[in-house]
Structure formats: structure tokens, C-alpha cells
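Taking it in order: structure first as C-alpha cells, then the write-up.
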Amino acid sequence: MSKASWITERPVAHRGYHDMNHKVWENTLSAFSRAIEAGFAIECDLQYVSDGVPVVFHDDDMERLCNIKGDVRARTSGELGLMTVGGTKDRIPTLQKLLDLCQGKVPLIIELKGREGDDEGFAESVLEILEGYQGKVALMSFDHWFLKELKALKCPYPIGLTAWGNDPEQFFVHEEAMHLGLDFISYAHDHLPNAFITAQRQRGIPVITWTVRDEDAVKRTFRYADQMTFEGFDPRESPALTA
């Protein structure tokens, strides 16, 4: 059994259980609180900012989420902690604040958002903050240098490949990453089925999909993968899951 087998046990709320950024915005403590209350696993994104602190934020630029132009990495975590997200009461949280909120109540699936040549210390910082955390955690990335570094650092948590694509050249690159000894895959649902994912599942590698927003995507996920990363609906009310 894969050490990441728990990752398929419950639906994964994409950037928390937000409401598509109407009142509850993505990657905020409010979105994470809703996910915890509903019992969903939480997916979130980390950026590494100028004072060497991982913060929970998806975009490189702050304009979409904070209405301020500029590179999120050019700011300190203290500055970002004062900035509102979507004009709400929520501020940009650090990884530590997410851990303090979650306290192991639901699993965390954390994506590291990398920039090649500008990530020195990022992986080490994440592992240092996670040390001693009592709860299920998995780390993943599109960026193969992160996956290699996490393996080299003897990361004690499941490590996953985030990926997409449905042509053989992309599969070759994905297979190279899997040769690192990764524990799970997060794959674009609209590129399923494909030979790469079929082969990995036959090897016993758990596969979750991203990002599921409708019933067709739910059905595709559970036909060709093991669990979904969702947003914009309540899986507890999904006809495909409740039938």
C-alpha cells in the first residue's frame, strides 16, 4: 500500500472550500475553515517570499487577489499579512497560520509554486515548519527540481507530481519524475484517460484529479482516477457520488 493511500479517502477542496471568490476567497483561512467544518481535505499553494517564509498564495502577481500590482515574492510575510484578499477580512496567511488553524483535523495537500533558480531554501523552510505537525500532510509540485530536492532532503511526507498532458512526449517527462520514487499524482482531469495514468495506477500509485467543477468531471475522475480536487460545488450533493 502506498504511504499516500489516505489521499484518496475524501474529496480535496481546491485552495480551500471557497465560493469561487464571491464572499469566501481562495487560499484564505476562511476557505480553510469551511473545508475543515465540512470534513474535506485541503489543497493549497505556497509561495516563498522575501523574508524566507512560505505563504499561502497561488499567483505570482498580487493583482487578481489583492488588487495590487507586483510580485508576491518581493514582499515580506509581514507585509502580506496586512493585505486583504478580495477586499474581505482575510489576509494572506503563512503556512504556519494554516497549520495552527487545521491542527490535523483534515489532511493537507500542499503545492509548492516554484521559480527555477529562485527557490533556494524554500523546500527546507517548508519541512522545518512542518516538523512536529500532528496531521496528514502531502507535498507536490509541477516543478521537478522541487521533487528532486524533497527526495534529497529525505522528506518524511508523501511527495506527488502535479501534471497535465496527453501526448507521449509529456508522458516521458512525467515518467522521469516518477522514477524519483514519488508517492502520488495530481493530474488534470480533462486529460484522462491516458496511458501514463493507467500504467501508474496499475503500479498502485494513487491519482487525484484537478480541478473538478461539474458532474462530467466527477464521473471522469472516478472512472479513471481515485479522488478529485474540486471547487464550485458541494461533493456531498453530487448526483454522481450520491447515486
Exercise. What does the accessible area per residue of the chain come to in Å², with a 1.4 Å probe and no ligands, DNA or RNA counted?
Worked result: 45
For this session: Evaluate the distance, in nm, between pseudo-label points positioned 7 Å from the Cα of Lys154 and of Met20 along their respective Cα→Cβ axes.
Result: 4.8
Exercise. Which net charge results when you count Lys and Arg as +1 and Asp and Glu as -1 among the other residues whose beta-carbon is under 14 Å from that of Gln202?
Worked result: 0
For this session: Rank Ile159, Ile68, Ile42 by mean-square fluctuation in a GNM of the chain with C-alpha springs under 10 angstrom and give only the top-ranked residue.
Result: Ile68
Problem set entry | Listed residues Ala41, Ile68, Leu80: farthest to the positive end of the dipole of the chain (Cβ charges) | Ala41
For this session: Lys and Arg at +1, Asp and Glu at -1: add these up for the other residues within a Cβ distance under 15 Å of Ala13 and post the number.
Result: -3
Exercise. Based on DSSP H runs of at least 4 residues, each adding -39500 (n - 2.57), what is the mean residue ellipticity at 222 nm of the chain after dividing by all its residues, to the nearest 500 deg cm²/dmol?
Worked result: -8500 deg cm²/dmol
For this session: Using only alpha carbon pairs under 8 Å that are at least six residues apart, calculate the relative contact order of the chain and give it in whole percent.
Result: 19
For this session: Please figure out what share of the DSSP beta bridges in the chain is antiparallel and state it in percent, rounded to the nearest 5.
Result: 20
Problem set entry | Options Val218, Trp164, Phe57, ranked by Cα towards positive dipole end of the chain, top entry (Cβ charges) | Val218
Exercise. What is the spread of the Cα atoms of the stretch 1-110 along each of their three principal axes, largest first, in whole Å?
Worked result: 44, 30, 20
Problem set entry | the stretch 1-87, dipole about Cα centre (Lys/Arg Cβ +1, Asp/Glu Cβ -1), debye to the nearest 20 | 180
Exercise. What figure in square angstrom, to the nearest 10, would you give for the accessible area of Tyr157 with a 1.4 Å probe?
Worked result: 40
Problem set entry | Efficiency of FRET between Leu241 and His144 - r from beta-carbon atoms, R0 35 angstrom, step 0.05 | 0.60
Exercise. When the Kirkwood radius is taken over all Cα pairs of the chain, what Stokes-Einstein diffusion coefficient follows at 25 °C and 0.890 mPa s, in µm²/s?
Worked result: 135
Exercise. Can you give the direction-averaged projected area of the convex hull of the alpha-carbon atoms in the stretch 187-226, in nm²?
Worked result: 2.3
Exercise. For a label point 7 angstrom out from the Cα of Phe233 toward its Cβ, which stretches of the stretch 166-195 have the backbone nitrogen within less than 20 Å?
Worked result: 187-193
For this session: Report, in debye and to the nearest 20, how large the dipole of the chain comes out about its Cα centre when Lys and Arg carry +1 and Asp and Glu carry -1 on their Cβ.
Result: 740
For this session: Of all alpha-carbon pairs in the stretch 154-243, indicate the percentage at a distance above 21 angstrom.
Result: 31
Exercise. When Lys and Arg each count +1 and Asp and Glu each count -1, what net charge do the other residues less than 9 Å away from Phe233, Cβ to Cβ, add up to?
Worked result: -4
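The values are calculated or read from the model by the stated rules, or taken from the named source; none is laboratory data. Every value quoted in this text rests on a predicted model; they were computed, and no experiment measured them. All Cβ positions, even for glycine, are placed from backbone atoms using ideal geometry, and neighbour counts span all protein chains on display. When the accessible area is computed, the model is the full protein with side chains, heavy atoms only, and any ligands, DNA or RNA have been set aside. Shrake-Rupley method; radii C 1.70, N 1.55, O 1.52, S 1.80 Å.
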